[in-house]
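The values are calculated or read from the model by the stated rules, or taken from the named source; none is laboratory data. Nothing here was measured: the structure is a model prediction, and the numbers come from that model. Cβ placement follows ideal geometry from the backbone for every residue including glycine, while neighbour counts extend to all protein chains displayed. SASA here: full protein model, heavy atoms, side chains in, ligands and nucleic acids out. Shrake-Rupley method; radii C 1.70, N 1.55, O 1.52, S 1.80 Å.
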Amino acid sequence: MYYRGWVTILVFIIVLVTSCREQVLSTDAERVALQEAAPHLNEIASDSVEYYYEQERFGIGDAYVKMAQYQLDGMFGKPNLLNVMTMGLMAEEYMAIPNMNALFMNVSDSDVLKIAFQALDMLNHTESEDSILSKSKELLDMGIPEGILMQAVVSWKKGNKDEAIAFCDKSILGGSVIADVFKDIIAGGEEYGGDIKPETLLKIADRFPMAYRLLGDHYAKIPNDSAIDIPLAREYYLKASDYACLGRREARWVLETIYIKGYPAVDSLIEKRLWSLYRQEINDSVIWLD
């Protein structure tokens with residue numbers, strides 16, 4: 001997973017990843033390999049939420065796209081933009097879509113979540129306060145709570161944390177899940193453009209499980225091989241795996257702690273997921289490390 005930079009956790013949530021790889025759809029060979037590596041999937045009703053969730057844990061990008069579509073269609077109640085964006089991030093990493101915008105390609109331009117996403121995505125491309133506040137007003141005129149969140153970003157950049165938190169509270173009352181996470185980040189004393197402290201990541205992980213992966217990164221210190229706490233990094237990476245938020249690099253790191261550094265093995269199903277995530281090539285349904 002390649003990060004564009006730690007500007008803010010919000011930017012991480014919104015676009016977050018710049019991939020140096022060519023993006024392609026999951027191949028038939030990958031699906032065959034998955035069926036052989038995870039025969040228990042045959043016991044789960046196909047096209048069910050549980051089926052796609054387990055496919056996600058094995059790194060099948062199309063499953064993330066399917067789950068994001070379920071979110072957009074309201075299958076889990078009121079659509080949650082934060083969950084949609086997380087699924088989009090993982091779908092991009094596992095090469096099912098070229099970028100986050102692809103999730104919204106067939107969504108109506110009048111869809112509230114699409115409008116909110118496009119507005120928040122703007123934060124990744126402009127530093128103009130006037131442009132951000134103008135877009136914020138457009139959202140507010142449509143009753144979209146992320147419009148207030150954009151005002152919070154402006155206040156935070158200026159160093160006015162109390163005002164930013166107050167804007168977050170208003171956005172939360174309007175139903176913005178992202179604002180709820182964003183508020184905890186600001187309240188945790190984080191500076192705009194700075195790293196996010198582990199205690200803050202842990203606090204938001206119940207709503208944003210990707211934070212478990214970031215906690216693992218903090219303690220593993222990938223790619224510098226200067227781990228602060230290997231057991232704790234493993235714990236957080238395995239939690240991220242359970243939530244289908246783990247990347248190939250992190251999966252490889254966990255496997256190396258077992259086979260190179262002598263740390264305890266993990267459950268056989270979890271290990272199969274880890275090997276699957278870090279596949280580099282599939283040959284006769286056997287997944288190899290490079």
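Results, tabulated for the structure shown:
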item: Solvent exposure, largest accessible area first (probe 1.4 Å, DNA, RNA and ligands not counted), of ILE60, ILE260; result: ILE260, ILE60
item: Average accessible area per residue (Å²) across region 143-231 - probe 1.4 Å, nucleic acids and ligands excluded; result: 41
item: Share of carbon and sulfur in the accessible heavy-atom surface of region 75-154 [1.4 Å probe, %]; result: 52
item: Positive-end extreme of charge dipole, region 141-277 - chosen from ALA211, ILE186, PRO231 (charges on Cβ); result: PRO231
item: Charge tally in the Cβ shell below 13 Å around GLY189, where Lys, Arg are +1 and Asp, Glu are -1, GLY189 excluded; result: -2
item: Kirkwood Rh, angstrom, region 80-220 [1 / mean 1/r, Cα pairs]; result: 15.8
item: FRET efficiency, GLN69 to GLU271 (Cβ-Cβ, R0 30 Å, nearest 0.05); result: 0.50
item: Size of electric dipole in region 68-134: Cβ of Lys, Arg +1 and of Asp, Glu -1, about Cα centre, debye, nearest 20; result: 300
item: Lysines with Cα under 18 Å of LYS114, excluding same-chain neighbours fewer than 8 positions away; result: LYS66, LYS78, LYS135, LYS137
item: Region 144-290, dipole about Cα centre (Lys/Arg Cβ +1, Asp/Glu Cβ -1), debye to the nearest 20; result: 100
item: Packing-based ranking, highest mean first, of 206-215, 264-273 given that Cβ atoms within 10 Å are counted; result: 206-215, 264-273
item: Computed FRET value (nearest 0.05) for SER128 with LYS261, which takes r as the C-beta separation and R₀ as 45 Å; result: 0.40
item: Burial ranking of peptide ranges 231-240, 123-132, 83-92 (average Cβ count within 10 Å, highest at the top); result: 83-92, 231-240, 123-132
item: Summed residue charge, Cβ within 12 Å of PHE104's Cβ, Lys/Arg positive, Asp/Glu negative; result: -2
